[in-house]
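Trainee: A single structure is presented below for examination.
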Amino acid sequence: MACVLKLFAVTNGSVFSLHLNSRRRFHRRFNAKIKMSSSDAALPSLPDNRTVVGFGMTAVDFLATVDGFPKPDDKVRSASLKVEGGGNAGNALTCAARLGLKPKLISKVADDSHGFAILKELEADGVDTSFIVVSKGGSSTFSYVLVDNQTKTRTSIYTPGDPPMMPDDLSQSTLLSAFDGARLVYFDGMFPETALFVAQEAARNNIPILVEAESLREGLDELLKLADFVTCSAKFPQAWTQAPSIPSALVSMLLRLPNINFVVVTLGEGGCLMLERSANEDSDIEERDVESFLEFLYKGKDDSLAIPTCIPSAVTKFRANGIGTICGRFYIGTAEKIPDSELIDTTGAGDAFIGAIMYAICANMVPEKMLPLAAQVAAAKCRALGARTGLPRRTDPHVASFLH
């Protein structure tokens, strides 16, 4: 082979150049394929049971970016405009589908242009829409979302669909079909009367329940009593418990809701805080004041790290003054530090976090792995406008390493 190349070089430099370039292109393509195969091989196997059911809202979002939030009676020009799917349940299940789960969505839309767009987008992402009720007439849910490019905040104006979802929209046989093979059922807190009806059926079928507690809502208390897992917004725990702090509020939630395995509160760029119940009630376990203990635990946080991490505590009896004592473990989850130049929009970041939590539950991940994964998925979403465009797929190199 060396002789052939030498002959080409002497007799025809251009032929040698073409031959060598062709070889280089081949090796580049070959190496790329090897690299891709290695990346795919490095991914862990999908969970054995990856069917999840979501109940709640799906919508259309009209997103406009502005250089500054308008003052009353102002007129401002949008810097960009985007129309895409939204709604807590729709977003969370889209995230779950992209991570490799097989989600089914129970919701309601109208037979209008928005409704058909909602169904088409969900189906394109692998979400089973066969359990979405389509009403004749009425209107589908939609939202106007203003994204402030300066403050990186978003303001949403939500218009609920009509008619709302009611228990009569779902037969028991339909629910049993939706629950077939399900590992988990997730509720975003919308349509409270119907949500409770669906949750009671899920509980009767011994399917674990994940409830999102975004804000105080009618009927949410009854739904929380059936929950195995809870995720909340930063404001919810104290608003619901009237506790003086988030750590005390989490202790109160586990005391008031004895079925809950864990509760996670998302704190935006501050990451998250999780309290997991422990079955170990050994009398030798040390009892600590929850406020002072969390102050100590947060001192272990390394602010120089840009990637999400998790700081776990040992099993401890946590005492919240005036509330009670619970035996469990706290976990501090940090958020990815997104450079200002890459942070685009936080719309749907909490939904992305929940989608990753669903994956982690199906994959039986320990909290030390679950929380960094959820934070990384949420951060990826924030790098694009809208709730869904930035949602990563399991092959995304920024997420793949967190799936192990």
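Trainee: Restricting attention to the range 339-351, and to residues there that are of a type in the set (A, V, I, L, M, F, W, C) and surrounded by 18 or more Cβ atoms within 10 Å (Cβ to Cβ), which single residue is farthest from Ala79 (Cα to Cα)?
Mentor: Ala349
Trainee: Would a scan of the range 41-54 turn up a residue that is in contact with an Asp or Glu (Cβ under 7 Å, 6 or more places away or on another chain), at pLDDT 50 or above and not aromatic (Phe, Trp, Tyr)?
Mentor: Scanning the range 41-54, I find no residue that is in contact with an Asp or Glu (Cβ under 7 Å, 6 or more places away or on another chain), at pLDDT 50 or above and not aromatic (Phe, Trp, Tyr), so the answer is no.
Trainee: Cβ-Cβ below 6 Å, separation at least six or inter-chain, first residue in the range 222-243 and within 21 Å of Thr194 (Cβ to Cβ) and among the hydroxyl-bearing types (Ser, Thr, Tyr), second open to solvent by 10 Å² or more (accessible area, probe 1.4 Å) and assigned to a strand (DSSP E or B): which pairs?
Mentor: Every condition considered, the pairs that remain are Thr231/Glu212.
Trainee: Return the only residue of Ser143, Ser130, Ser135 being more than 21 Å from Phe62 (Cα to Cα), out of contact with any helix residue (DSSP H, G or I) (no Cβ under 7 Å at 6 or more places or on another chain) and open to solvent by less than 50 Å² (accessible area, probe 1.4 Å).
Mentor: Testing whether each residue is more than 21 Å from Phe62 (Cα to Cα), out of contact with any helix residue (DSSP H, G or I) (no Cβ under 7 Å at 6 or more places or on another chain) and open to solvent by less than 50 Å² (accessible area, probe 1.4 Å) leaves just Ser135.
Trainee: What number goes with the only condition from (1) buried (at least 23 other Cβ atoms within 10 Å of the Cβ); (2) farther than 30 Å from Ile106 by Cα that Leu250 does not pass?
Mentor: (2)
Trainee: Does any residue in the range 150-173 that is free of Cβ contacts under 8 Å to residues at least 40 places away in the same chain come within less than 6 Å, Cβ to Cβ, of a residue that is open to solvent by 80 Å² or more (accessible area, probe 1.4 Å) six or more places away or on a different chain, and which pairs are these?
Mentor: Short answer, once both residue conditions are applied: Ile157/Tyr144.
Trainee: Still on this structure, I have one more. Go through the range 374-402 and count every residue that is farther than 11 Å from Arg98 by Cβ and either open to solvent by 10 Å² or more (accessible area, probe 1.4 Å) or without any contact (Cβ under 8 Å) to a residue 60 or more places away in the chain (or both).
Mentor: Number of matching residues: 13.
Trainee: Tell me which residues, restricted to the range 305-325, are open to solvent by 30 Å² or more (accessible area, probe 1.4 Å) and assigned to a loop (DSSP other than H, G, I, E, B).
Mentor: Matches in the range 305-325: Leu305, Ala306, Ile307, Thr309, Ala314, Val315, Asn321, Gly322, Ile323.
Trainee: Now for a separate question. Evaluate the following for Glu291: is it surrounded by 14 or more Cβ atoms within 10 Å (Cβ to Cβ) and part of a strand (DSSP E or B)?
Mentor: Judged against the criteria, Glu291 is not a match.
Trainee: Next question. Name the residues in the range 166-214 that are crowded, with 22+ Cβ neighbours inside 10 Å, under 14 Å from Lys108 (Cβ atoms) and touching a Gly at 6+ places or on another chain (Cβ under 9 Å), would you?
Mentor: Listed by number, the residues that qualify are Asp188, Met190, Phe191, Ala195.
Trainee: Right, here's the next one. For the range 294-304, which residues satisfy the criterion of being in contact with a strand residue (DSSP E or B) (Cβ under 7 Å, 6 or more places away or on another chain) and assigned to a helix (DSSP H, G or I)?
Mentor: Leu294, Leu297, Tyr298
Trainee: Quickly run through the range 314-338 and pick out the residues that are over 28 Å from Gly350 (Cα atoms) and either β-branched (Val, Ile, Thr) or within 27 Å of the chain's Cα centre (by Cα) (or both).
Mentor: Hits for the range 314-338 are Thr316, Ile323, Thr325.
Trainee: Just for the range 271-288: of the residues that are farther than 17 Å from Val230 by Cβ and not in a loop (DSSP other than H, G, I, E, B), which one is least open to solvent (accessible area, probe 1.4 Å)?
Mentor: Arg288
The values are calculated or read from the model by the stated rules, or taken from the named source; none is laboratory data. In this text, all values refer to a predicted model and were calculated from it rather than measured experimentally. Please note: Cβ atoms are built from the backbone with ideal geometry, for glycine as well, and neighbour counts cover all protein chains shown. Heavy atoms of the whole protein, side chains included, go into the accessibility calculation; ligands, DNA and RNA do not. Shrake-Rupley method; radii C 1.70, N 1.55, O 1.52, S 1.80 Å.
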